There are 2 protein chains.
Amino acid sequence: MARAGDLSPEEFREAASRVAEWVADYRDRVEEFPVLARVSPGETAAMLPSSAPEDAEPLEAILDDLDRIILPGLTHWNHPGFLAYFASSSSAAGILAEFVVATLGVNAMLWRTSPAATELEERVILWFRELLGLPESFEGVILDTASTSSFTALLAAREAAGVDSRELGLTGRSDVPPLVVYISNQAHSSLEKAAIAAGLGRQSLRRIETDDRYAMDARALERQLRSDLKAGALPTMVCATIGTTSSNAVDPIARIADICAEAGVWLHVDAAYAGPAAMLPEKRELFDGWDRADSIVVNPHKWMATPMDCSVLLFRDRRPFRASLALTPEYLSSEHEGALDLMDVGLALGRRFRGLKLWFLFRQMGAAGLRALLRRHLGLAADFADRMRRDSRFELAAPVPFGTVCFRAHPRRTRSGTSEARMNAVFDDLEAANEGGRVSNELEASNEWNRELMARVNRRGPVFLSHTVLDGRFTMRLAVGSVHTEARHVEAAYLILCEEHDEMAGAGGSAIGEERMTTV
Amino acid sequence: MARAGDLSPEEFREAASRVAEWVADYRDRVEEFPVLARVSPGETAAMLPSSAPEDAEPLEAILDDLDRIILPGLTHWNHPGFLAYFASSSSAAGILAEFVVATLGVNAMLWRTSPAATELEERVILWFRELLGLPESFEGVILDTASTSSFTALLAAREAAGVDSRELGLTGRSDVPPLVVYISNQAHSSLEKAAIAAGLGRQSLRRIETDDRYAMDARALERQLRSDLKAGALPTMVCATIGTTSSNAVDPIARIADICAEAGVWLHVDAAYAGPAAMLPEKRELFDGWDRADSIVVNPHKWMATPMDCSVLLFRDRRPFRASLALTPEYLSSEHEGALDLMDVGLALGRRFRGLKLWFLFRQMGAAGLRALLRRHLGLAADFADRMRRDSRFELAAPVPFGTVCFRAHPRRTRSGTSEARMNAVFDDLEAANEGGRVSNELEASNEWNRELMARVNRRGPVFLSHTVLDGRFTMRLAVGSVHTEARHVEAAYLILCEEHDEMAGAGGSAIGEERMTTV
């Protein structure tokens, strides 16, 4: 039974063709699944053997179990009703490229281990940079995620700050002042992780307040910078965001770039999600000033139909990146001293051939196709936002500059009027549950209502929404960003929201209380 | 021309089938290519357009360019003659799994975004742990590379060291002594990168001397630890290696584990390459004591036929990992509080569904098949090592505990005797080139000879070797680790080495001088 090798060429050919069929079938039937998995913790694990099989098994057995055990336990990111978080969808180009990438198995660490992979990666980044409208001074690398890209930028900024952290480290030194990082109070948690990992700690973060559109208050940034400088701290990086995760807020980049230039502080722009929209002339103004950033992260694996993982880190000067991390031990030295070794930017030595994905994508969809895809998403999001504005049962919770709509339901109203009795019951329930001393008020009732409404919508199956909290208020998010999502899927989300809202407002009186009692 | 969407289902089905065919063809014809790319820097780039295409292009155009532009510029990691670095080969199981992974596009960050992916990842790690003979106290996660795994371990160790780096950071604090990391002078450069990234700096590294087998001298470690403690430093992590990159040296783990236990220092074991050999009872003794490590890294994408990337980080206690980096912002909160969110270990939030690769691999090859594969590699490496021992033109440069053979050629000897005249010419050349003051001696002549020999072998095409330096001596490395490599490929490496050696020793007198003049 056991083989000392791999499948034979004939077996492989047959297996590859079989899996190609499975893959095409999956894409055809993905809508049959609920988007959000319905299993309980441990349910999938219980179906898996406790030990690896001793002997080889045929492909059909694996594919059968893939259908029987794995698929029912998955949240289907490529379901067209996946409207949660930021959709990370798999275009045909992305899938086919990954198939080739795995086959080639190239490790693009050194130029010589991957000349074409290195040069293709450089080239598609230049294509992308041009499409984004960034000046020729930008180049970049492809890393795995925005977390890693922003962390890598922070390491370069730390090196550029001039304390020679590379050689001397940060510990046991009386000559190193506290290094400080500036983000808005809406910035992504990855910046906080980056500050922790880099040895700056959570206390190094200055969470600058935001305005009523959840954008960074540039004056507050300026004040904080001044105060930190006065106190002897060393401002190390400002991270501004174009398209925050919570609400797609756009920080005033041009203003922030002025401040950074004046203070000599590294400006990193997190456009991980919204970056691709810079390909659209009508959206370009939202990116005003980002060409003055020291580093920018844009993730094709978010809003550009590229399967995980593909995060593009752009920068204007490779030197601080190399200065922070480049190392060449003897066993990695090669005769191509002038050539670009991609391992020199970033922590990971091993690098997948991710450039191939972008190459397939740009070619199979074309720049025009990508712009059309983004516009379709923007249109669907705008339509949904309009419904939220017009329907008195709902309200928009934030501006909608990109493809993500933040909204809330009004618990009190139904299409046919107010349901005071129902809401009174909610208040009673809340107060009963909160006898321990928590303040129970209308805001909390509204939050509970919205949380329950979202849970009901997500349990229905055809769509999956996620949430955030804005100004203490539970807020639903509908993010249109998948290559598979069409008008009918966003329409379904709206209809299900209405149905569940009306159901909660007018009937099934005990639903909230029951749910709350199991989760509070 | 432009499409606002992706390929239609019919188009996708046809395209997937077409790429499956391309992939199978590539595997059939990979031996037709030279392993090491023959292009010059910039040659591939010159064939690529300067801008992305405006309109969509057909798949055939992309595949044509893949054949015409990319393949000739690649170093073929899946060529059976790839014997350099550590082979990272793509088994059928690994390729097919990646195809499915890209199709599903699951982001395994939270349990609820990927219940089956999370539970499958946990389960295959437990399978692997059992096969490796590690106790049940170990669990783990899959990360991208060993660099990332070791860095993640260092962050956990830093947190466990008790200076509250997470909250307070390392800067501007008089209460934090220098944090120190212990590695052997043969440890991988990724540990150095990790220390830099974590804010400890290169000066935090204590490079412990090694014995005549290139293994860490445990007494020297003990002395250094004691001296650092006396000086007020805070020993943070010891990283011991099983199978160093240079020469596959095995540090005395059991002894080091004793020292770490006594000093209360985190022990990390880098078994990124050699780890899979723990599946073989006859190799288990080399791993003696690794069950007492706090963390271990083993990379299935090295010696276990898994395409990049797949690095398993094993640990006995999840808490310091969570304590170092776990963060849950509101937009990532979910109701499954007890379930495992894989994002909590590691820097990257987004996570590919890598567990599927190991699942396919274990099932399609079986544990018996994997052990047979490893034994085939060990046998081929042992055969090659025997040739190096028996053939007076060559010598072994280090013990061969695993699949990598370190060896050198003796420049002076040919099968038919000594070629003093030739070597005298080499010395003359070296002295002429070194008038600037470098010491020219027999060692340098031998190094130049070996470097030139390897370059000649690699230029031939059928095989690709890499090198290291041991005790100042240039050393060739032949690493058997690919699923594709058979006896005839290792045999070819030997024959080509002999041919080029004899050619250099007996004829073509100016070859060394010419090459040296272009590279020195």
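Every read-out reported here was derived from the displayed coordinates using simple, explicitly stated rules and does not represent laboratory data. Note that the structure is a prediction, hence the values are computed from the model and not measured. A quick note on method: Cβ atoms are made from the backbone with ideal geometry, for glycine too, and the neighbour counts reach across all protein chains shown.
Hey, what number do you get for chain A at 222 nm if only DSSP H runs of n ≥ 4 count, each worth -39500 (n - 2.57), divided across all residues, to the nearest 500?
Counting only the DSSP helices, I get -13500 deg cm²/dmol.
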### Query
Along the axis that rotates chain B into chain A, which residue of chain B has the nearest beta-carbon, and what is the gap in whole Å?
B:Gly199, 1
### Task
Considering Cα pairs under 8 angstrom that are at least six residues apart, work out the relative contact order of the range B:106-352 and quote it in whole percent.
27 percent
### Query
Which length gain, in nm to one decimal place, applies between A:Ala339 and A:Leu280 when the Cα-Cα distance is subtracted from 0.36 nm times their residue separation?
17.8 nm
### Message
Spelling out what I want: for every residue of the range A:100-108, take phi, set θ = phi - 60°, compute 6.51 cos²θ - 1.76 cosθ + 1.60 (Karplus), and round to whole Hz; glycine and proline get x.
### Response
5, 4, 5, 5, 5, x, 6, 9, 8
### Query
What dipole magnitude, in Debye to the nearest 20, does the range B:106-352 give about its Cα centre under +1 on Lys/Arg Cβ and -1 on Asp/Glu Cβ?
540 debye
### Amide H contacts under 5 Å for A:Leu234, placed H, 5+ residues apart
A:Leu179, A:Val180
#### Entry: For the range A:229-235, Karplus couplings with θ = phi - 60° (6.51, -1.76, 1.60), whole Hz, Gly/Pro x
4, 4, 7, x, 7, 10, x
#### Entry: Restraint check, B:Lys193/B:Lys283; A:Lys193/A:Lys283; A:Lys357/B:Lys357; B:Lys302/B:Lys357, Cα-Cα greater than 23 Å
B:Lys193/B:Lys283; A:Lys193/A:Lys283
## Note on the structure
Here the correct list, in nm and shortest first, of distances from B:Asp317 to the same site in the other copies, label points 7 Å along Cα→Cβ, is 4.3
### Query
What is the order of A:Asp341, B:Asp175, fewest Cβ neighbours within 10 Å to most?
B:Asp175, A:Asp341
### Query
Between Rg and the Kirkwood Rh of the protein assembly as shown, both from Cα atoms, what is the Rg to Rh ratio?
0.98
### Query
What's the percent breakdown of Cα-Cα distances in the range B:106-352 across 10 Å bins, shortest bin first?
7, 32, 36, 19, 5, 0
### A:Leu443/B:Asp212 FRET efficiency (R0 56 Å; Cβ-Cβ; nearest 0.05)
0.20
### Summary
Per the charge dipole of the range B:159-215 (beta-carbon charges, Lys/Arg positive, Asp/Glu negative, Cα centre), the residue among B:Ala197, B:Thr210, B:Leu168 reaching farthest to the positive end is B:Ala197
## Note on the structure
1/(1 + (r/R0)^6) with r = Cβ-Cβ of A:Arg319 and B:Arg219, R0 = 45 Å, i.e. FRET efficiency to nearest 0.05, evaluates to 0.60
### Query
How high is the relative contact order of chain A, in percent, with contacts defined as C-alpha pairs under 8 Å that are six or more residues apart?
21 percent
### Summary
Env charge @ A:Ala102, Cβ radius under 11 Å, K,R +1 / D,E -1, value -1
### Task
Using a 10 Å cut-off on Cβ to Cβ distances, tally the other chain neighbours for every residue of B:365-375 and report the average as a whole number.
6
### Query
For the residue pair B:Glu21 and B:Glu262, what label-to-label distance in nm results when each label sits 7 Å from Cα along the Cα-to-beta-carbon direction?
6.8 nm
### Query
Shortest first and in nm to one decimal, what separations exist between A:Ser137 and its copies in the other chains, measuring from label points 7 Å along the Cα-to-beta-carbon line?
5.6
### Summary
Everything considered on the Cα gyration tensor (a ≥ b ≥ c; rounded for a/c under 1.5, else prolate if a/b is larger than b/c, else oblate), chain A must be described as oblate
## Note on the structure
For A:Gly243, other-chain or 5+-apart residues with amide H closer than 5 Å (H placed, Pro excluded) are A:Ala249, A:Val250, A:Asp251
### Task
Every other copy gets compared here: list the nm distances from the B:Asp386 label point (7 Å along Cα to Cβ) to its counterparts, shortest first, one decimal.
7.9
